[in-house]
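The values are calculated or read from the model by the stated rules, or taken from the named source; none is laboratory data. Since this is a predicted model, take the numbers as computed values, not measurements. Positions of Cβ are generated from backbone atoms using ideal geometry, with glycine treated the same way; all protein chains shown enter the neighbour counts.
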Amino acid sequence: MSTTSSVVTLLMIFIIAHAQKRDTDALNLKLDMLIASNANLNNRAVGIETASERAVHEVRQELASIAPEHTRRPP
């Protein structure tokens, strides 16, 4: 009985993780589409979730120079 509940628990963890990943991927795709559809916006952040740490840092610095009050990290 213990083994069965462990297997079911592990299976549920994978199912929930997969659903969360799909949800996050869909949300990122929607945001990328909104950014890309507006010609007035800078599209450097499109697909940033798959970029290197260096690229993320560069975009964060660029954003900080444009809107410093919106990029402050909490203490």
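Using the structure shown, decide if THR50 is of a type outside the set (Gly, Ala, Ser), modelled with pLDDT of 90 or more and exposed (fewer than 10 other Cβ atoms within 10 Å of the Cβ).
For THR50, the condition - of a type outside the set (Gly, Ala, Ser), modelled with pLDDT of 90 or more and exposed (fewer than 10 other Cβ atoms within 10 Å of the Cβ) - is not met.
Would you say LEU10 is in a helix (DSSP H, G or I) and at pLDDT 80 or above?
yes
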